[in-house]
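See structure below.
The values are calculated or read from the model by the stated rules, or taken from the named source; none is laboratory data. As the structure is a prediction and not an experimental result, all values here were calculated from the model. Please note: Cβ atoms are built from the backbone with ideal geometry, for glycine as well, and neighbour counts cover all protein chains shown. Surface areas here come from the heavy atoms of the whole protein model, side chains and all, with no ligands, DNA or RNA. Shrake-Rupley method; radii C 1.70, N 1.55, O 1.52, S 1.80 Å.
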Amino acid sequence: MSEKISIRLFDGFEIRRGDTQILKNLSNTRKTKLFVAYLLVNRDRPITHQELFELLWSGEDYANPATALRTLLYRFRSMIDNEGADALAGAIISHRGTYQWNGELDVSIDALDFHALAEAGLDPTISASRRKEYLAKAVDMYSGPLLPDFSSEPWLIAKSASYRDIYIEAVMAYIDILKMDNQPAKIVQVCEKALELAGTSELIELEAQIARLSIADPDASVKDSVIAYYNEVRELSVKLQDEADRMQAELQVDVMEQQAYLCDYATFKDLYNVQRRIQSRSKATIFLGLVYVRFDESEKSDPL
């Protein structure tokens, strides 16, 4: 029986067969590695040749983009054949004008497994013991940001942030269960790892401090004031998130209306400067049109 293929996307990009790393040469060819990684992260949809070409060769001229993409696919398949990684045969499906990662492939992908475990652990309809089991596995599986080698890629920023947010949510839910089970030492361990992997979080910092106080002196009166402060911070955090969601919903409605934006010159100047800064970072082409309208009161005419 062949060993299971697993793919790591958190804190790196690695393909393993059992305990052995395979396809190491993938790291020597950035475009091939990015090509495979992009298909993996977006495995739920077919990716057009145009989208892939803009990702991999933005600003470069090629007479035949389809040929360039086929070359990358050929390299990846050659690596698979050379190492006898039969489980990855057919990993990338080619349709007319698109490529897609084969979702039916029998491989384990850490980001996908993490998401499924976190989702199960956050389900309030199942027992606390089962939630604890799922959350413990999810929290343990998260080992860092998604594909850090490509952290500067604009398409990855939102996806990496989404996985981080799910991780923080899973950590907080896991801590709540650990508190019910009176496991302060485990809470401290979980919090310290979360702060190391996901950065500063006031809520997690407070949870760690409360747990440390419980370990040092379970009856310490100062613990109550810390808990009260924590509850206020957590309540404020929820209110701020609700307000942010409301503002985002309002902005989305405005975007959907697709109406012209009328403003005075000072506002236009501010918007122009913001767009210039965005353009300087993204190197995108921005087309600007300015219409000047003047009304002469001396010229009277019937209204239209």
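Quick notes on this one:
- Against the conditions (1) touching a strand residue (DSSP E or B) at 6+ places or on another chain (Cβ under 6 Å); (2) modelled with pLDDT of 95 or more; (3) assigned to a helix (DSSP H, G or I), Ala136 satisfies every one except (1).
- Candidate set: region 151-202, residues that are closer than 19 Å to Asp113 by Cα and of a type in the set (Asp, Glu); chosen: the one modelled with the highest pLDDT: Glu169
- Only a single criterion out of (1) within 25 Å of Ala161 (Cα to Cα); (2) part of a helix (DSSP H, G or I) is not satisfied by Asp44, namely (2).
- Region 54-81: number of residues that are within 18 Å of Lys4 (Cα to Cα) and either among the polar types (S, T, N, Q) or surrounded by 16 or more Cβ atoms within 10 Å (Cβ to Cβ) (or both): 2
- Tallying residues that are within 23 Å of the chain's Cα centre (by Cα) and surrounded by 11 or more Cβ atoms within 10 Å (Cβ to Cβ) within region 17-44 yields 16.
- Only one entry in Leu135, Leu147, Leu213, Leu197 is under 19 Å from Asp110 (Cα atoms) and open to solvent by 30 Å² or more (accessible area, probe 1.4 Å), namely Leu197.
- Any hit, region 101-120, residues being touching an Asp or Glu at 6+ places or on another chain (Cβ under 8 Å), over 16 Å from Asn42 (Cβ atoms), open to solvent by 50 Å² or more (accessible area, probe 1.4 Å) and of a type in the set (A, V, I, L, M): no
- Condition met for Arg43 (charged (D, E, K, R) and over 19 Å from Ile157 (Cβ atoms)): no
- Some residue of region 217-230 being at pLDDT 90 or above and aromatic (Phe, Trp, Tyr): no
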